Amino acid sequence: MKCPSCRTRELVVIEMKVASEKIALRTCSPCDLRYWEGLDGQLPLDSVLALVSKR
């Protein structure tokens with residue numbers, strides 16, 4: 001997978017299951033981009049926080 005910002009392949013991916021949903025934090029060291037993804041694509045931070053609060 002490539003970084004959507006700088007197109008490098010140096011992404012760190014941390015996958016987890018929160019409130020029965022699989023989500024992943026993706027980070028790019030070269031351009032310092034961080035974003036969350038779910039099954040339907042990118043998730044805004046407030047959506048991730050809402051999932052965590054359901055626990």
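The values are calculated or read from the model by the stated rules, or taken from the named source; none is laboratory data. Not measured: the values here are computed from a predicted model. Counting neighbours? That spans all protein chains shown, and the Cβs are built from the backbone with ideal geometry, glycine included.
In this structure, is Asp40 acidic (Asp, Glu), over 21 Å from Met1 (Cα atoms) and surrounded by fewer than 15 Cβ atoms within 10 Å (Cβ to Cβ)?
Numbers: acidic (Asp, Glu): yes; over 21 Å from Met1 (Cα atoms): no; surrounded by fewer than 15 Cβ atoms within 10 Å (Cβ to Cβ): yes.
Considered against the rule, which asks whether it is acidic (Asp, Glu), over 21 Å from Met1 (Cα atoms) and surrounded by fewer than 15 Cβ atoms within 10 Å (Cβ to Cβ), Asp40 comes out as no.
Residues in the range 6-19: is at least one among the polar types (S, T, N, Q), surrounded by 11 or more Cβ atoms within 10 Å (Cβ to Cβ) and either touching a Cys at 6+ places or on another chain (Cβ under 8 Å) or at pLDDT below 95 (or both)?
Yes; the residues of the range 6-19 include at least one that is among the polar types (S, T, N, Q), surrounded by 11 or more Cβ atoms within 10 Å (Cβ to Cβ) and either touching a Cys at 6+ places or on another chain (Cβ under 8 Å) or at pLDDT below 95 (or both).
In this structure, is Val48 in contact (Cβ under 8 Å) with a residue 12 or more places away in the chain, at negative phi, loosely packed, with under 12 Cβ neighbours inside 10 Å and of a type in the set (A, V, I, L, M, F, W, C)?
Values: in contact (Cβ under 8 Å) with a residue 12 or more places away in the chain: yes; at negative phi: yes; loosely packed, with under 12 Cβ neighbours inside 10 Å: no; of a type in the set (A, V, I, L, M, F, W, C): yes.
No.
Out of the range 9-35, which residues are assigned to a strand (DSSP E or B) and either touching a residue at least 40 places away in the same chain (Cβ under 8 Å) or touching a helix residue (DSSP H, G or I) at 6+ places or on another chain (Cβ under 8 Å) (or both)?
Passing the criteria: Val18, Glu21, Ile23.
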